[in-house]
Amino acid sequence: MAQLKTNLSSPRDAPADATARFYDGAAADYDAQVDDQGDNAAVRLSFCERVASLAGPGGAILDFGCGTGTDAAWYAARGHRVIAYDVSPGMVNLLRARCRNEIAAGRITPAVGPLDAMETALETSSPVATISANFAVLSHVPELKPLLQLLASHVKPGGALVASVLNPFYRQEMRQRWWWRSALRSIRTGSIKLQGQVTSYRHFVSTIRKAAEPHFTLTELHAASENTLLGALDSHFLFVVLRRRP
């Protein structure tokens, strides 16, 4: 399962939290494990194409949860300026190696650590056209509203935040006992929580919509995997587009 990359239960926490340490340890093998799994490569391409189309020609992109830089390199190659942020130093070290030329040319600006590092990197730029949050970065965030409020201040009015999030009603997970136990407990929490080496949250669409207000409007929602037998039930990820209100 491809999940990115931060736990923001307290947005100003030091970066050496459990999630950062987990992805630091996973960084070396992360690309092979993610893009060689199922249809993740096709899902990644579809996601990146939607982000680029919303950003417009040359539009600046904040790659939130940038990981090893696969998406950031794709955006930069197509003329976008990218601020690439992640909580995991191990992941960003690989991004620096992969995107050495783009960083030197100023097409990619890496930032790593707590959210202060991201905000510092954004201080010298205008609000970005689009924020990208691929492979379930937001699914590591228990309370979305504070984060979405912060991100809204860095995207221009009419711009967009594009996220892939873990599907709370993914059929293969619904076959597991833990899903039903968690679902019963989630009636009041708005997400299905899974605790493991890192904690993840399958946020309900209503939870995302409510957390986005009043800064964003949810304008698109669809399964990341196309042509599945049971539609969204067979898609591990959902694509969500939040539009920044004027």
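Things to note:
- Zero-based 10 Å bins, Cα pair distances in segment 18-244, whole percents: 8, 33, 39, 17, 2, 0
- Nearest 10 degrees, 0 to 90: helix 89-98 Cα axis against the chain principal axis: 50
- Local charge for SER191 was computed over the other residues whose Cβ lies under 12 Å away, with Lys and Arg +1 and Asp and Glu -1, and equals +4.
- When the Gaussian network model of the chain links Cα atoms closer than 10 Å, the mean-square fluctuations of ASN93, ASN134, ASN167 top out at ASN93.
- Using a Gaussian network model of the chain in which every pair of alpha carbons under 10 angstrom is joined by a spring, one finds that among ALA55, ALA223, ALA18 the greatest mean-square fluctuation is at ALA18.
- Percent antiparallel among DSSP beta bridges (both partners in the chain, rounded to 5): 55
- Pairwise centroid distance, computed over Cα atoms, of segment 161-189 with segment 79-158, Å: 27
- Surrounding net charge for GLY58, when Lys and Arg each add one and Asp and Glu each subtract one, Cβ distance under 14 Å: +4
- Prolate/oblate/rounded call for segment 141-242, Cα gyration tensor, a/c under 1.5 rounded: oblate
- If you take all other residues with their beta carbon under 12 Å from the beta carbon of ASN93, and give Lys and Arg +1 and Asp and Glu -1, the sum is +1.
- Low-density loop positions, GluC sites (Glu not before Pro), segment 166-246 - DSSP coil, at most 14 other Cβ in 10 Å: GLU226
Any read-out appearing in this document is the output of simple, stated calculations on the displayed coordinates, not a laboratory observation. Note that the structure is predicted; figures quoted are calculated from it, not measured. As a convention, Cβ positions derive from the backbone with ideal geometry for all residues, glycine included, and neighbour counts pool all protein chains shown.
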